[in-house]
1. To the nearest 0.05, what FRET efficiency results for Ala230 and Asp299 with a Förster distance of 41 Å applied to their C-beta separation?
2. Check cross-link reach from Lys189 to the lysines: straight Cα distance under 27 Å, and skip same-chain residues fewer than eight apart.
3. Using the eigenvalues of the Cα gyration tensor, what equivalent ellipsoid semi-axes result for the range 74-143 when each is taken as the square root of five times the eigenvalue, whole Å, largest first?
4. Quick check for me: using +1 on Lys/Arg Cβ and -1 on Asp/Glu Cβ, what's the dipole size of the range 28-120 about its Cα centre, in debye to the nearest 20?
5. Label the range 30-189 by shape, choosing from rounded, prolate and oblate, from the square roots a ≥ b ≥ c of the eigenvalues of the Cα gyration tensor; if a/c is under 1.5 it is rounded, and otherwise prolate applies when a/b is larger than b/c, oblate when it is not.
6. How many percent of the accessible area of the range 186-327 is carbon or sulfur, using a 1.4 Å probe?
7. Once amide H atoms are placed 1.01 Å from N in the peptide plane, what residues at a sequence separation of 5 or more from Gln125, or on another chain, have their amide H within under 5 Å of its amide H?
8. Amide H neighbours of Gly54 under 5 Å, at least 5 residues apart or on other chains, H built in the peptide plane: list them.
Amino acid sequence: MRAVTFQEPGRVALEERPEPELLAADDAVVRVEATGICGSDLHIYHGRVKIEPGFVIGHEFVGTVIAAGDAVTRVNVGDRVLGCFHTACGSCFFCMRGAYHACDEARVFGHGATLGSLQGAQAEQVLVPRANLTLRRVPEGMSDDAALFAGDVMGTGYHAVVEGGMRPGDAVAVLGLGPVGLCAVQVAKASGAAAVIAVDTVPERLEVARSFGAQAIHLTEEDPRAAVQAATERRGVDLCVDAVGHPDALDLAARMTRKAGTVSAIGVYAERVEVHMGVVWIKALTLKSGRANVIAHVDSVLGMMAAGVLDPSPLVSRHMTLDDAPAAYEAYANREALKIVLSP
């Protein structure tokens, strides 16, 4: 089968790989029909997240189950399914408390030895361990483009808002309007936020946030802190989502958030960051961070998407094939597309 592999920073390739085979009773094999390029994949592409050359990348997928072990009970061969971006055992200390993202045996698709050596989904087929937890049937009538978001991007935006403790009537700021940030904007609006301030530097992304009902603020041409003060009677937002994963974003988030508010750092961090603990301490801020608990949230997210409350499909700006993967990564790295969906 054909698969997209990491070669070196700035270069991916389409290579032949053996078709996956079932290894455990709760494994499944999915024929991939749509797979996305995510901001997390760019961290690999740029060399910020280390991975072995030749490893199959990608962690978002929709497709059809073509094989399933005897212990797989939640999906059947022939089912149209979506995958969560990581697996979980379902029975360790953390899983029993619903913290599937902290599972002792969690493995992330397409992230190399550091995160479980689980080959990725930018391929014609993908092996899915722990299929009862990792896979969900796609609701009838839902497009591949929409379903692709439930197992990662919309699930991550949902996690950032829900785990950040947002309540109806709260004010929310979202820093970084890639697909995750824009999904967080949608979730905040759908959850009853009184105001959503969305911050970025890319005009097209700001326009999408505006179309979702947010107040769109250019990071350098406008004053995000002034906009927050004006919208909150100078208190600051109740919740600020850092969907960037950069020290400057984390610092700005701490300064935009009200006293006793919450900063939800959902952007990827892979290095040391200096935090002004004086600001965090004097304002009594709560900091939430880490990978999104998408397995815990995926059913709620799918329900909201099926009801039309959330709709990520406008975020897909380009469709390409696996053959086009090198050009697709280059375009995504250059911010020429908001979300690229690949098909075999």
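1. Approximately 0.60, to the nearest 0.05.
2. Lys259, Lys283, Lys288, Lys339
3. Taking √(5λ) for each eigenvalue gives 22, 17, 9 Å, largest first.
4. Working: 7 positive and 8 negative charges, 27 e Å.
The calculated dipole for the range 28-120 is roughly 120 debye.
5. On the way: a/c = 1.43, a/b = 1.28, b/c = 1.11.
Verdict is rounded for the range 30-189.
6. On the way: 3540 of 6940 Å².
Heavy-atom surface of the range 186-327 belonging to carbon and sulfur, 1.4 Å probe: 51 percent.
7. The answer is Val32.
8. Long-range HN contacts for Gly54: Phe6, Gln7.
The values are calculated or read from the model by the stated rules, or taken from the named source; none is laboratory data. Not measured: the values here are computed from a predicted model. Because the Cβ atoms are built from the backbone with ideal geometry, glycine has one as well, and the counts that use them run over all protein chains shown. Surface accessibility is based on the protein's heavy atoms, side chains included, excluding ligands, DNA and RNA. Shrake-Rupley method; radii C 1.70, N 1.55, O 1.52, S 1.80 Å.
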